[in-house]
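A.B. asks: Input: one structure, supplied below.
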Protein chains: 2
Amino acid sequence: MPLMPSWVASANAADHPFPLNNLPYGVFSTTQQEPRCGVAIGDMILDLAAAEAAGLVVLHEDAVFDVPFWNEVMELGPEKWALLRARLIEVLAQGSPDQSAAETMLVTQSDAEMHMPFLVAEYTDFYAGRHHATNVGTMFRGAENALPPNWLHMPIGYNGRASSIVVSGTDIRRPWGQLKGPDDDAPRFAPCARFDMELEIGAVVGSPSDGPVSVDEADQMIFGYVLLNDWSARDIQAWEYQPLGPFQAKATATSISAWIVTQAALEPFRCNTPPREQPLLSHLQDTGPMLYDIDLEVTLAPSGGQEMTITRTNYKEMYYSSAQQLAHHSTSGCPMTAGDLLGSGTISGPHKDQRGSLLELSWGGKEPLTLPDGTKRSFLEDGDRLTLSGYAQGDGYRVGFADCSGVVTPALENPYERSK
Amino acid sequence: MPLMPSWVASANAADHPFPLNNLPYGVFSTTQQEPRCGVAIGDMILDLAAAEAAGLVVLHEDAVFDVPFWNEVMELGPEKWALLRARLIEVLAQGSPDQSAAETMLVTQSDAEMHMPFLVAEYTDFYAGRHHATNVGTMFRGAENALPPNWLHMPIGYNGRASSIVVSGTDIRRPWGQLKGPDDDAPRFAPCARFDMELEIGAVVGSPSDGPVSVDEADQMIFGYVLLNDWSARDIQAWEYQPLGPFQAKATATSISAWIVTQAALEPFRCNTPPREQPLLSHLQDTGPMLYDIDLEVTLAPSGGQEMTITRTNYKEMYYSSAQQLAHHSTSGCPMTAGDLLGSGTISGPHKDQRGSLLELSWGGKEPLTLPDGTKRSFLEDGDRLTLSGYAQGDGYRVGFADCSGVVTPALENPYERSK
């Protein structure tokens with residue numbers, strides 16, 4: 001599929017993240033407008049609450065766009081999602097008879113503030129990247145025991161904390177936590193000294209389920225995808241995670257990009273999971289290409305310093321797709337909800353400069369990165385800005401994600417005197 | 001404090017769970033009434049939506065009781081919780097001038113259907129009973145390594161799945177899952193063969209937080225308590241839980257009792273945590289008695305068979321209080337929400353007949369229980385009804401919990417043909 005031209009001129013540049021082929025969904029506000037649903041097209045946002053009020057884009061008898069979340073649209077189901085996309089393409093395509101009406105409902109992105117695009121019902125984070133699991137396992141348990149015995153048989157995941165999900169641009173306060181190094185006599189309560197990022201893609205579940213779903217059914221339940229940074233306190237994690245898994249190490253914040261790239265926009269970029277080393281049980285087997293070819297990159301910029309790319313990788317490196325993860329999630333009968341967010345797990349490629357966390361990039365602090373100003377980084381310092389970016393490359397166009405960015409701010413001096 | 005007499009005569013019996021001293025909160029419906037908030041008094045329910053509409057019990061300018069959840073009341077904060085309790089005692093006390101008005105708003109409990117008493121925001125389950133952790137650790141890792149190194153230093157917990165919380169009386173479908181025994185060559189997908197219960201108390205968080213809270217602050221954030229059965233698929237758990245903790249093993253269902261016993265009602269029954277084997281870090285130290293002396297019991301009744309008490313224990317056996325758990329939960333800055341539910345962890349006493357799970361009672365299946373009909377139980381069979389009950393014993397009265405009950409129904413024949 002080539003670039004679909006739009007009457008919004010900026011959308012037609014070959015390297016723009018938001019051409020008509022994309023149409024990602026978000027929640028924005030301006031000095032005049034309360035937070036509401038919008039769709040990105042080039043450098044602009046089409047105000048869907050306005051379009052709905054004017055009868056230009058109508059999805060349901062009740063208004064669904066004049067709210068600060070996309071959950072109501074998700075709950076209408078995949079047929080309505082397809083209708084919405086078709087109508088938006090009609091309205092925004094070059095030569096559309098609706099151009100003059102829609103032009104009055106455009107907002108410049110640089111004038112808008114972005115908000116969380118949906119209410120996160122629950123959040124689950126997986127550990128489904130083969131290279132990441134091998135790297136981390138090698139550091140923690142040695143190369144022979146790198147992959148846990150269950151790893152090749154199911155997507156290992158844990159429940160995270162929905163209340164800690166924040167939109168790109170939110171500052172991330174360095175947490176305090178209980179720490180104990182292997183040579184310490186006793187634990188202590190102190191600011192995290194090994195604060196890290198994890199490059200992930202988040203799948204937004206759009207349809208509910210109430211019993212086990214197949215991989216195909218799971219695939220149809222996914223509304224779209226976001227970039228996701230699973231901020232991780234490695235020293236808190238090391239002391240707390242046995243036997244019940246990560247808890248406070250992952251509860252400070254997880255950042256997501258502000259625009260949900262729909263599954264429909266990513267259809268041309270589907271690709272297969274890697275070859276299986278062990279056959280999967282039938283209920284988890286791939287039934288088609290359910291990963292996506294999405295180039296990913298992370299940059300680090302120290303406070304006042306130069307930005308440096310610290311990793312480049314691709315979502316197709318994952319061993320399990322989000323559809324497989326969602327199918328596994330439902331096997332016990334666990335009810336899934338519109339607004340559930342599934343983190344892919346850290347996306348590391350096979351090579352050293354393709355690793356998706358500082359833990360791996362610095363090999364546990366043994367091989368620090370050197371920044372352009374000559375300073376070293378094993379883990380994040382106060383003032384560091386991390387930015388995740390990504391896009392799928394089409395034939396003369398891109399389907400891009402919004403950046404997922406956050407600055408690490410210093411730990412509170414006294415954590416029991418709270419401040420924002 | 002002695003029994004406070006009520007004009008609702010049934011509430012004055014010395015062994016009734018719901019005297020005026022208790023006043024637990026729930027959500028009920030009848031053939032005439034949509035689900036709404038009510039308070040239990042003796043064998044009756046005071047319809048708070050009706051009381052609010054008539055101006056008899058008014059807490060806020062907006063109606064807060066004509067909804068099927070208590071979250072709106074929780075969000076009004078502890079001062080309003082105290083006002084509500086004081087007003088209800090006034091209305092329902094013997095000699096109240098409001099008796100004749102309130103009498104018209106009473107519903108007989110046996111005519112009502114109970115619903116989930118609140119919207120569960122997020123669910124966290126702890127592992128904070130010393131005897132339980134020692135028992136399970138001994139079975140899995142041997143007596144020398146029974147307690148993980150971190151266990152005496154912080155309340156270990158994991159995030160559970162809020163969507164799986166159900167109210168007492170809901171049938172519990174035996175789950176399917178991925179299973180692999182230590183001697184199996186490969187995993188298989190099959191119905192759980194080691195389905196278990198866990199006797200817990202759930203703390204309902206009523207006030208939000210947005211940064212670390214002290215143990216005292218945490219104590220003030222707790223709205224009330226329920227009985228909680230953390231249904232657990234031990235065979236699924238054994239294969240999945242390393243390295244990231246329990247996931248599908250705990251996601252089928254967790255049952256809670258229908259009436260929230262408020263913290264205020266439990267005040268006379270506060271008691272201390274046990275002596276510390278290791279001093280806690282200062283932010284987790286007890287600042288007063290924050291456990292409660294609550295006698296607990298579990299019965300098992302096979303389908304059509306006689307009920308048998310399988311364990312008797314007490315909530316005061318916990319090593320960590322819910323306030324300590326909540327304080328720990330917030331250390332990383334994790335935002336807590338009104339409606340969060342914190343499972344205490346399995347409440348086992350020091351003796352064999354005080355263990356809070358079948359895993360412990362049958363010592364991993366090696367010492368099955370014998371039921372009155374002569375059949376054996378290591379884990380739950382289809383048709384088994386489990387019932388948790390509990391009360392705090394006052395001087396001539398009790399503050400009781402509603403029973404928390406559920407029947408295990410057979411696994412689906414084909415989990416991919418869903419039925420309810």
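The values are calculated or read from the model by the stated rules, or taken from the named source; none is laboratory data. Remember, it's a predicted structure, so these values are computed and weren't measured experimentally. Note: ideal-geometry Cβ built from the backbone for every residue, glycine included; neighbour counts use all protein chains shown. The accessibility values were calculated without ligands, DNA or RNA, using every heavy atom of the protein model including side chains. Shrake-Rupley method; radii C 1.70, N 1.55, O 1.52, S 1.80 Å.
A.B. asks: Under 6 Å between Cβ atoms, which residue pairs at least 6 apart in sequence (or on different chains) link something in region B:258-281 that is closer than 14 Å to B:Ile222 by Cβ with a partner that is open to solvent by less than 70 Å² (accessible area, probe 1.4 Å) and assigned to a helix (DSSP H, G or I)?
C.D. replies: B:Ala264/B:Arg85
A.B. asks: From A:His153, A:His131, A:His115, which residue is open to solvent by 10 Å² or more (accessible area, probe 1.4 Å) and either at the interface with chain B (Cβ under 9 Å from one of its Cβ atoms) or in contact with a Phe, Trp or Tyr (Cβ under 6 Å, 6 or more places away or on another chain) (or both)?
C.D. replies: Of A:His153, A:His131, A:His115, the one residue that is open to solvent by 10 Å² or more (accessible area, probe 1.4 Å) and either at the interface with chain B (Cβ under 9 Å from one of its Cβ atoms) or in contact with a Phe, Trp or Tyr (Cβ under 6 Å, 6 or more places away or on another chain) (or both) is A:His153.
A.B. asks: Further question: Taking only pairs six or more apart or across chains, which ones have beta-carbon atoms under 9 Å, a first residue in region B:325-353 that is not assigned by TED's automatic domain parsing to the domain that holds B:Ser232, and a second residue that is of a type in the set (Gly, Ala, Ser) and buried (at least 24 other Cβ atoms within 10 Å of the Cβ)?
C.D. replies: Cβ pairs passing all conditions: none.
A.B. asks: Something else now. Please list, ordered by residue number, the strands (runs of 3 or more DSSP E) wholly in region A:135-207 having 2 or more residues that are touching a residue at least 12 places away in the same chain (Cβ under 8 Å) and closer than 30 Å to A:Thr331 by Cα.
C.D. replies: Counting at least 2 such residues, we get A:157-159, A:165-167, A:199-205.
A.B. asks: For the list (1) within 29 Å of A:Tyr416 (Cα to Cα); (2) open to solvent by less than 20 Å² (accessible area, probe 1.4 Å), I need the number of the one condition that B:Phe247 fails.
C.D. replies: That leaves (1) as the condition not met.
A.B. asks: Just name the residue that is surrounded by the most Cβ atoms within 10 Å (Cβ to Cβ) out of those in region B:156-198 that are among the basic types (Lys, Arg) and facing chain A (nearest Cβ under 8 Å).
C.D. replies: Looking at the filtered set, the residue picked out is B:Arg161.
A.B. asks: Can you tell me which residue in region B:390-411 is nearest to the other protein chains (Cβ to nearest Cβ), limited to those that are in contact with a Phe, Trp or Tyr (Cβ under 7 Å, 6 or more places away or on another chain) and open to solvent by 20 Å² or more (accessible area, probe 1.4 Å)?
C.D. replies: B:Ala411
A.B. asks: Considering every residue within region A:87-94, establish whether at least one is open to solvent by less than 40 Å² (accessible area, probe 1.4 Å), assigned to a loop (DSSP other than H, G, I, E, B), of a type in the set (Val, Ile, Thr) and in contact (Cβ under 8 Å) with a residue 12 or more places away in the chain.
C.D. replies: Scanning region A:87-94, I find no residue that is open to solvent by less than 40 Å² (accessible area, probe 1.4 Å), assigned to a loop (DSSP other than H, G, I, E, B), of a type in the set (Val, Ile, Thr) and in contact (Cβ under 8 Å) with a residue 12 or more places away in the chain, so the answer is no.
A.B. asks: In region A:268-284, how many are surrounded by 13 or more Cβ atoms within 10 Å (Cβ to Cβ) and either within 20 Å of A:Asn22 (Cα to Cα) or polar (S, T, N, Q) (or both)?
C.D. replies: 5
A.B. asks: State yes or no: is B:Ala14 part of a loop (DSSP other than H, G, I, E, B), over 16 Å from B:Thr262 (Cα atoms) and either in contact (Cβ under 8 Å) with a residue 24 or more places away in the chain or charged (D, E, K, R) (or both)?
C.D. replies: For B:Ala14, the condition - part of a loop (DSSP other than H, G, I, E, B), over 16 Å from B:Thr262 (Cα atoms) and either in contact (Cβ under 8 Å) with a residue 24 or more places away in the chain or charged (D, E, K, R) (or both) - is met.
A.B. asks: So which pairs qualify, if the first residue must be in region A:99-120 and assigned to a helix (DSSP H, G or I), the second must be open to solvent by 50 Å² or more (accessible area, probe 1.4 Å) and of a type outside the set (D, E, K, R), the Cβ gap must be under 7 Å, and the two must be at least 6 apart or on different chains?
C.D. replies: Hits for this filter: A:Ala101/A:Ala54.
A.B. asks: Given the criteria open to solvent by 10 Å² or more (accessible area, probe 1.4 Å), within 14 Å of chain A (Cβ to nearest Cβ), over 16 Å from the mean Cα position of the chain (by Cα) and closer than 23 Å to B:Phe223 by Cβ, does B:Thr337 qualify?
C.D. replies: yes
A.B. asks: Next question, about the same structure. For region B:366-381, how many residues meet the condition of being surrounded by 15 or more Cβ atoms within 10 Å (Cβ to Cβ) and over 23 Å from the mean Cα position of the chain (by Cα)?
C.D. replies: Matching residues across region B:366-381 total 5.
Residues are listed down the side, and each one gets a yes or a no for (1) surrounded by 24 or more Cβ atoms within 10 Å (Cβ to Cβ); (2) not assigned by TED's automatic domain parsing to the domain that holds B:Val57:
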| position | (1), (2) |
| --- | --- |
| B:Met4 | no, yes |
| B:Leu20 | no, no |
| B:Leu23 | yes, no |
| B:Ser29 | no, no |
| B:Gln32 | no, no |
| B:Gly38 | yes, no |
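A.B. asks: Here is a further query. Just the residues that are open to solvent by 20 Å² or more (accessible area, probe 1.4 Å) and more than 30 Å from A:Asn272 (Cβ to Cβ), please, taken from region A:285-311.
C.D. replies: Across region A:285-311, the qualifying residues are A:Ser303, A:Gly304, A:Gly305, A:Gln306, A:Glu307, A:Met308.
A.B. asks: Could you tell me which numbered condition A:Val107 fails, if it satisfies all but one of (1) open to solvent by less than 40 Å² (accessible area, probe 1.4 Å); (2) away from chain B (no Cβ under 14 Å); (3) closer than 30 Å to A:Ser209 by Cβ?
C.D. replies: Among (1) open to solvent by less than 40 Å² (accessible area, probe 1.4 Å); (2) away from chain B (no Cβ under 14 Å); (3) closer than 30 Å to A:Ser209 by Cβ, A:Val107 violates only (3).
A.B. asks: Right, another one. From the list A:Ala51, A:Ala14, which residue is of a type outside the set (S, T, N, Q), outside the structural domain of A:Gly169 (by TED's automatic domain parsing), at pLDDT 95 or above and open to solvent by 10 Å² or more (accessible area, probe 1.4 Å)?
C.D. replies: A:Ala14
A.B. asks: Which number in (1) more than 14 Å from the chain's Cα centre (by Cα); (2) within 14 Å of chain A (Cβ to nearest Cβ); (3) at pLDDT 95 or above marks the one condition that B:Tyr416 misses?
C.D. replies: Answer for B:Tyr416: the failing condition is (3).
A.B. asks: Now for a different question. Name every residue in region A:246-275 that is more than 13 Å from chain B (Cβ to nearest Cβ) and assigned to a loop (DSSP other than H, G, I, E, B), in order of residue number.
C.D. replies: Once the filter is applied, which keeps residues that are more than 13 Å from chain B (Cβ to nearest Cβ) and assigned to a loop (DSSP other than H, G, I, E, B), region A:246-275 yields A:Ser257, A:Ala258, A:Trp259, A:Asn272, A:Thr273, A:Pro274, A:Pro275.
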